[in-house]
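Notes to accompany the following structure.
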Amino acid sequence: MVFIQPPLPQTVQRVPSCRIICLCYQPPAAWDKELRAIRQGMLDLPFTFEDYLLDQERRELTLRGQVVAVGPQVFDLLLLFVNNPDRVVSKDELLKAVWGDRIVSESTITSHINAVRKAIGDTGEEQRLVRTVPRKGYRFVGRINGDLTGEARQPDIDERSTATPKQIPSPALVLPDKPSITVLPFQNLSGDPEQEYFADGVVEDIIAALSRIRWLFVIARNSSFTYKGQTVDARGVGQALGVRYVLEGSVRKCGNRLRITGQLIDATSGTHIWAERFEGLLDDIFELQDQITESVVGAIAPQLERAEIERAKRKPTESLDAYDYYLRGMAKLHSGSREAIEQALPMFYQAIELDTEFASAYGMAAWCHLWRKLNGWMADRPAEIAEGIRLARLAVSLGRDDAVALTRGGHALAHLAGEVDAGIALLDRARLLNPNLAPAWFLGGILRALHGETDTAIENLNHAVRLSPLDPEMFRMQVGMALAHFFAGHFDAAADWAEKALGNLPGLLIAAALVAASHALGGRTEKANLAMQRLQKLDPSLRLCTLKGWLPIQRPEDFARFVDGLRLAGLPE
């Protein structure tokens, strides 16, 4: 840096050709202001700290001349920190500067802070450069070098030959705080180079579809495809990319048939979690590609959730975070029993307490209240319904772009607040956000059935089964099919579907009611009487006069049919 005396103009100049910054003589106070302006990045000069250089103009972070790959939001976070080294940066400032005041969860912020630390060789335990100030925010505590040209000082030739270089390990990729996966390029086993594009297209579609799942961290296509044509070890890939799960597969063509195999591996242990084979005809290549993508994503999403639930179960209680409590609650919610729901609800509340913007946790808590209402388990019905509605509204407000939150929150609002039209609209949006989310299809199908759209309901429910044929909530799909067939006047089919649901969950009240009503309207009096005995044992307080507040049946003729069936079966007035 060169200081030039007057009479040069009192300005700051940058001379790219010789990379000299010329500053005129000014009083000390003015100098201080000018230096602060430069340091705050108002002139877009690079920052240097340790062996790192952060270039604002190029939006590039380098370590000893080697580019460190960081995402745009991670870069913005780091830039915000180094621009404010003398103070704590609050959460509100982070949201405004990096996310444009959008609502994001605590876990999202935490994962981005962790990514900043990884990029600059820091950790949450060491906090050598980025320090967490509890309940306040974050502060950059590294020493920013005084070279205002932004050029990191390079050692002289003599220094290079004699000095011992400082050994700084490459930033290690630690696992994100949510499930993480990479989809490797599928091997083309057909021997036909023309099929290469198809295999790549399937993988790209799977990556895009998985990326719509908000609770999943997915490695971008360009990084995954660096392994194309290589024989790789899943554990090594997981370490290199910082992910827990690896999906790999192959494509084989034989005549007009195409076979795709896929396997999901836990990269931390090398354990195979899931493997499946998919086949189809090449009559419509793009339709086949869509079908395979849908099948793969629909199959592995529940497997990933189950694997994460099992992992959360193994963690000691004192080390659980919001997501762990959420996963433990989900494991209970899937079973659907009264005891399980009573255990799940506090876990979702605990997740909310740890992360007050966890939209999906609000949705699941609301859904627990819905399930208690549907099965006659509520102790203080008005208070619980009001609480469920409060939670559901928070879920859909905080989770405007969260398919899970919209699905559970929207379904809860339909049942608890009677807002069936609004609930259908919310679940339709959830399906747009994530077309492969099976609950959005089967819960949406149930709402369509209650709305009188029986054909659409059956289509939605069939699609849910196709997406997730081994779903732990299969009994809910089955009772949805029973509802749709009952309102369509298909009493035999309704009874069959309701019996299947009871086989999976014997205490399911609505299924027991549908069995009784379907048999009665189908003229099977003895079976109807037996089914009514089971129904009254499950809920002795159920009466014809309470049915209106039990299910939000929208069409008067559907409600009348339901009442008539249960009256014939022997339900008291």
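The values are calculated or read from the model by the stated rules, or taken from the named source; none is laboratory data. Predicted, not measured: the structure shown is a model, and the values here were computed from it. Glycine also receives a Cβ, built like all others from the backbone with ideal geometry; neighbour counts cover every protein chain displayed.
With the checklist (1) assigned to a helix (DSSP H, G or I); (2) surrounded by fewer than 22 Cβ atoms within 10 Å (Cβ to Cβ); (3) over 18 Å from the mean Cα position of the chain (by Cα) in hand, flag the one item ALA344 doesn't pass.
(2)
Does segment 92-102 contain at least one residue that is free of Cβ contacts under 8 Å to residues at least 40 places away in the same chain, buried (at least 19 other Cβ atoms within 10 Å of the Cβ) and within 16 Å of ALA119 (Cβ to Cβ)? Before you say what the answer is, go through the steps one by one.
If we filter segment 92-102 for residues that are free of Cβ contacts under 8 Å to residues at least 40 places away in the same chain, which is where we start, we get 92, 95-102.
Narrowing the set further to residues that are buried (at least 19 other Cβ atoms within 10 Å of the Cβ) leaves 98.
Going one step further and asking which of them are within 16 Å of ALA119 (Cβ to Cβ), we end up with 98.
Yes, there is a match, as at least one residue in segment 92-102 is free of Cβ contacts under 8 Å to residues at least 40 places away in the same chain, buried (at least 19 other Cβ atoms within 10 Å of the Cβ) and within 16 Å of ALA119 (Cβ to Cβ).
Got a sec? Which of ASP564, ASP496, ASP492 is within 26 Å of GLY418 (Cβ to Cβ), over 31 Å from the mean Cα position of the chain (by Cα), among the acidic types (Asp, Glu) and not in a loop (DSSP other than H, G, I, E, B)? Please lay out each step first, then the result.
Numbers: ASP496 fails: within 26 Å of GLY418 (Cβ to Cβ); ASP492 fails: within 26 Å of GLY418 (Cβ to Cβ).
ASP564 is the lone residue from the list that is within 26 Å of GLY418 (Cβ to Cβ), over 31 Å from the mean Cα position of the chain (by Cα), among the acidic types (Asp, Glu) and not in a loop (DSSP other than H, G, I, E, B).
Within segment 460-482, which residues are in contact (Cβ under 8 Å) with a residue 40 or more places away in the chain and part of a helix (DSSP H, G or I)?
ARG466, LEU467, PHE475, ARG476, listed by residue number.
Do we find a residue being buried (at least 24 other Cβ atoms within 10 Å of the Cβ) and either assigned by TED's automatic domain parsing to the domain that holds ALA209 or within 23 Å of TRP497 (Cβ to Cβ) (or both) anywhere in segment 418-433? Spell out how you get there, then give the answer.
First, pick out the residues of segment 418-433 that are buried (at least 24 other Cβ atoms within 10 Å of the Cβ): 423, 426-427, 430.
Add one more test, that the residue is either assigned by TED's automatic domain parsing to the domain that holds ALA209 or within 23 Å of TRP497 (Cβ to Cβ) (or both), and what stays is 423, 427.
Among the residues of segment 418-433, at least one is buried (at least 24 other Cβ atoms within 10 Å of the Cβ) and either assigned by TED's automatic domain parsing to the domain that holds ALA209 or within 23 Å of TRP497 (Cβ to Cβ) (or both), which makes the answer yes.
Do you know which residues across segment 110-137 are in a loop (DSSP other than H, G, I, E, B) and not basic (Lys, Arg)? Break it down stepwise before answering.
From segment 110-137, those in a loop (DSSP other than H, G, I, E, B) are 120-129, 134-136; that's our starting set.
Scanning segment 110-137 gives ILE120, GLY121, ASP122, THR123, GLY124, GLU125, GLU126, GLN127, LEU129, PRO134.
Could you tell me which numbered condition VAL515 fails, if it satisfies all but one of (1) under 20 Å from LEU447 (Cβ atoms); (2) surrounded by 22 or more Cβ atoms within 10 Å (Cβ to Cβ); (3) not small (Gly, Ala, Ser)?
Of (1) under 20 Å from LEU447 (Cβ atoms); (2) surrounded by 22 or more Cβ atoms within 10 Å (Cβ to Cβ); (3) not small (Gly, Ala, Ser), only one is false for VAL515: (1).
Suppose the filter is within 29 Å of ILE352 (Cα to Cα), out of contact with any Lys or Arg (no Cβ under 6 Å at 6 or more places or on another chain), not in a helix (DSSP H, G or I) and not polar (S, T, N, Q); does ASP428 pass it? Full working, then the answer.
Numbers: within 29 Å of ILE352 (Cα to Cα): yes; out of contact with any Lys or Arg (no Cβ under 6 Å at 6 or more places or on another chain): yes; not in a helix (DSSP H, G or I): no; not polar (S, T, N, Q): yes.
No, not satisfied.
With respect to the numbered conditions (1) in a helix (DSSP H, G or I); (2) closer than 20 Å to LEU374 by Cα; (3) at pLDDT below 95, which one is the sole condition not fulfilled by HIS485?
That leaves (3) as the condition not met.
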